């Protein structure tokens, strides 16, 4: 009797896990791309200087972008690719961490995010990043061009860097690939399901020739540190993998080590 009950309970647990994973597969785009739309007449509000731009991306798609002005003498431009949630009203709050070191910061909202048209996918994110790079080139921006990728945006930044070499690539809270975000308990089952989106930093970084720097926290509950550590062999110097004790997925900027690292990367260039 006891053996039958245990078998029944195990069967229920396995069934629930399988159903959950099937749900993740069927609705994976909703899990990966947690966008928040904005009306076209929405007015962005920040306490620092910026301009708004619309970048044509083909197929009648316009990408919304914000260009934040450097503080002090301008050294160059940082293309910033944000995480999978929200829109530029949220992500623009991170610009001062970079503009204070003398860099303009260009942030875009992916397709389906904020005021940007269309629907996101891994392919369109990569294609649109290349469109933005071309737009920057056409504008004739002077100085260094740096790519910065945050979480999901790390794969966008690393893919772009594999095609168009920047002066520096900075990845904050990246994963080796999107499967690396799955909880280790679920990973064996997750490997059985086809995933439409790969977002493989480890594949992209093999073709990136510039210096690559990774920042990650020990207490990241979204992207496990173990996943990010899969990128260490792809760095030119292991010291460019910066571990921030106590750092989570959304609060690295609050740690002096993060600010010191950004200063060392940007402050003296």
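The values are calculated or read from the model by the stated rules, or taken from the named source; none is laboratory data. Note that the coordinates shown come from a computational prediction; the quantities given were computed from them, not determined experimentally. In this analysis, Cβ positions are derived from the backbone assuming ideal geometry, glycine residues included, and neighbour counts consider all displayed protein chains.
Points to keep in mind about this one:
- Members of segment 92-127 found to be under 19 Å from residue 38 (Cα atoms) and touching a strand residue (DSSP E or B) at 6+ places or on another chain (Cβ under 6 Å), listed by number: 92, 106, 107, 108, 109, 112, 113, 114, 115, 116, 117
- Qualifying residues in segment 137-150 (those that are surrounded by fewer than 24 Cβ atoms within 10 Å (Cβ to Cβ) and closer than 30 Å to residue 244 by Cβ) - the one modelled with the lowest pLDDT: 143
- Unique match (being over 19 Å from residue 94 (Cα atoms), more than 15 Å from the chain's Cα centre (by Cα), in contact (Cβ under 8 Å) with a residue 12 or more places away in the chain and assigned by TED's automatic domain parsing to the domain that holds residue 161) among 247, 230: 230
- All of 72, 112 fail the test of being assigned by TED's automatic domain parsing to the domain that holds residue 249, modelled with pLDDT under 95 and over 13 Å from the mean Cα position of the chain (by Cα), apart from 72.
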